[in-house]
Amino acid sequence: MESLISEELNENVSSFEEAFGAAEAFAPDSKIRKRLTKEKVKEQIDKFSEKAKKIIDNPEKVSAVLEKAISLCDDLSYLRIIGKHFKQASLVCNMLNDYICKRYTKIPSATVITLLAAVLYFVSPIDIIPDFIPLIGHLDDMIVFGFVTDAAKVDLKKYEKWKKENENPDLISEKG
């Protein structure tokens, strides 16, 4: 299966490396580190990209996934060390929401699918490290988000600029 993340974008992985470093600090167990490799992350993104392709044309399903992701981010934001790494999730969810509502469509389809794949991965309880394992279960989600937001950095910055210029009141917002 061909990855939707180009090799050029793979070179720019500062958030991935930062998230991986935080994961190591949070859970230095070598078994966990062996499970959290860049190759395994890419493999999961490709797997969830197939799921994203199946629902991208169904705004109701996508909206439900985005709402679940925002709620989960709110729940995880309090965690020491790793909570800050979920901040981009809100921006990603807002961009995807604006895309499916056809308010902001200046996003390459590969980026949309890859970002939606990361969100689907995030809300899935069964992944590289199952989410039911307290605290440690979300380390892989954090790393996937770090990897994908690095890959989509340019598109996310363009969206942020557009969002500020348009001040859209219908954006999904974090609770609080």
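The values are calculated or read from the model by the stated rules, or taken from the named source; none is laboratory data. Everything numeric here is computed off the predicted structure, so don't read it as measured data. Neighbour counts run over all protein chains shown; Cβ positions are idealised from the backbone, glycine included. Protein only, heavy atoms only, side chains kept; ligands, DNA and RNA dropped before computing areas. Shrake-Rupley method; radii C 1.70, N 1.55, O 1.52, S 1.80 Å.
Observations, loosely collected:
- Scanning the range 51-60 for residues that are out of contact with any Leu (no Cβ under 9 Å at 6 or more places or on another chain) and either closer than 15 Å to Phe122 by Cβ or not in a helix (DSSP H, G or I) (or both) yields a count of 2.
- Test: Phe48 is part of a helix (DSSP H, G or I) and touching a Cys at 6+ places or on another chain (Cβ under 7 Å): no
- Residue check for Asp98: at pLDDT below 85 and among the charged types (D, E, K, R): no
- Hits in the range 111-151 (condition: of a type outside the set (Phe, Trp, Tyr) and over 14 Å from the mean Cα position of the chain (by Cα)): Pro125, Ile126, Ile128, Ile129, Pro130, Asp131, Ile133, Pro134, Leu135, Ile136, Gly137
- So Asp150, is it surrounded by 20 or more Cβ atoms within 10 Å (Cβ to Cβ), touching a Leu at 6+ places or on another chain (Cβ under 7 Å) and of a type in the set (Asp, Glu): no
- When residues of the range 126-140 are limited to those that are outside any helix (DSSP H, G or I) and within 15 Å of Ile45 (Cα to Cα), the one least open to solvent (accessible area, probe 1.4 Å): Ile129
- In the range 89-122, the residues that are under 20 Å from Asn166 (Cβ atoms), in contact (Cβ under 8 Å) with a residue 60 or more places away in the chain, part of a helix (DSSP H, G or I) and open to solvent by 30 Å² or more (accessible area, probe 1.4 Å): none
- Criterion: open to solvent by 50 Å² or more (accessible area, probe 1.4 Å), within 16 Å of Leu96 (Cα to Cα), modelled with pLDDT of 95 or more and not basic (Lys, Arg) - qualifying residue of Ala64, Ala52: Ala64
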